[in-house]
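A quick write-up on the structure given underneath.
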Amino acid sequence: MLRATDQIIHKAAWLYYTHNLRQDEVARRLSISRASVATYLRKARETGIVSISASTQLFQDDALARRLEDALSLETVWIVPEDKHALDPAVEIPVVAAGAFIELVERGNRVGVAWGKTVYRIADVMNYADIQDVTVFQLCGNLGTPYDYRPDQCTMEIARRLNAQGINLYAPLVMSSEALATAIRAEPVIADQLDAMRHCDLALYSVGSVNKDSHIVSCGAVTVEELEILARQGATGVIGGQAIDAAGQFLDCGYNRRLISTDLDTIRAIPKRMMVVSEDHKFEALVAALRGGFVSHLVISAAMGHRLLAQWGA
């Protein structure tokens, strides 16, 4: 755990270098003097804190994070606080996730990326890096409708930030029939791309909900009425466009059989599976994803962390 003096150094560095606040603004947010801020920033530079993304360690060394790692058998959890000194978690979570994600990427890695508002926000705030021989793969098919955070956009923006090669999956996410989806998945080019996902080292995604605000509704993959049918069939969350049940298992339904996406067993087998959740209404979907083994690294708010502990304690 970070000592109290180290925590405030990390907080000052985070606000100053990552959020570009002025020293007087940092002082007001942390309720300390401007002279103290200057001292802390100097110590941050001397100790090298500013060289590790202004330190995601601040969010990693929370006591709640340690308890969640033990309870859920996760490798690493980052907790974004909701105290009087904290920024809005909805704003802060993508920033923390972007810094943590870059720390996980290693030379020669293959990275699988899903899509959605959360993933696109992470890409948008991600620092530029130059990690050699990295390839970024699109985990699921694309969307034909105008959409601000399509799978291909998320994939290529993250590849651009990493100075990596981006590989798009050139097939629609949802086909008009199960027979057509089966035929498309069997096409050599598509089959090779889907098979390549088996060699990914790291995945970055969120989990979708099955309420009317779900991204598979807003992107046009399903209608609200179709989503209600999925919910009645047992759908609890969405991973890479695919509906999962409350146990985190593939939901055998017509919608899923019409998808072009990396199969869930392949995603589950990726060694580092980083999930980022910023919306409270995704709690049940997140629980399903955890039960299904889709998470090894997790970025959430403190409120969500406490709900998870209560769920697993029960």
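Here are the numbers for this structure:
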quantity	calculated
Complete set of residues in segment 98-123 that are over 18 Å from N163 (Cα atoms) and among the hydrophobic types (A, V, I, L, M, F, W, C)	A114, W115
Among (1) touching a helix residue (DSSP H, G or I) at 6+ places or on another chain (Cβ under 9 Å); (2) at pLDDT below 95 - the single one L298 does not satisfy	(2)
Residues within segment 133-163 that are modelled with pLDDT of 90 or more, surrounded by fewer than 20 Cβ atoms within 10 Å (Cβ to Cβ) and in a loop (DSSP other than H, G, I, E, B), tallied	2
Residue count for segment 2-24, restricted to those that are in a helix (DSSP H, G or I) and farther than 19 Å from P81 by Cα	2
Pick from segment 96-123, criterion over 10 Å from the mean Cα position of the chain (by Cα) and not in a helix (DSSP H, G or I), ranking: nearest to Q311 (Cα to Cα)	G112
Sole residue being assigned to a loop (DSSP other than H, G, I, E, B) and buried (at least 16 other Cβ atoms within 10 Å of the Cβ), chosen from G293, G305	G293
Among residues of segment 67-95, those that are modelled with pLDDT under 90 and assigned to a helix (DSSP H, G or I), counted	5
2 or more residues in contact with a Ser or Thr (Cβ under 7 Å, 6 or more places away or on another chain), on the phi > 0 side of the Ramachandran plot and surrounded by 19 or more Cβ atoms within 10 Å (Cβ to Cβ): qualifying helices (runs of 4 or more DSSP H) within segment 180-236	none
So S176, is it assigned to a loop (DSSP other than H, G, I, E, B), crowded, with 23+ Cβ neighbours inside 10 Å and out of contact with any Phe, Trp or Tyr (no Cβ under 7 Å at 6 or more places or on another chain)	no
Filtered residue count, segment 257-290, keeping only those that are within 24 Å of E69 (Cβ to Cβ) and in a helix (DSSP H, G or I)	13
Matching residues in segment 216-245 - criterion: being more than 19 Å from S176 (Cα to Cα) and under 23 Å from the mean Cα position of the chain (by Cα)	A235, T236, G237, V238, I239, I244, D245
All positions within segment 158-200 that are under 19 Å from R273 (Cα atoms) and acidic (D, E)	D195
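The values are calculated or read from the model by the stated rules, or taken from the named source; none is laboratory data. Just so it is clear, the model here is predicted, and its values are computed rather than measured. Backbone-built Cβ (ideal geometry, glycine too); neighbour counts: all protein chains shown.
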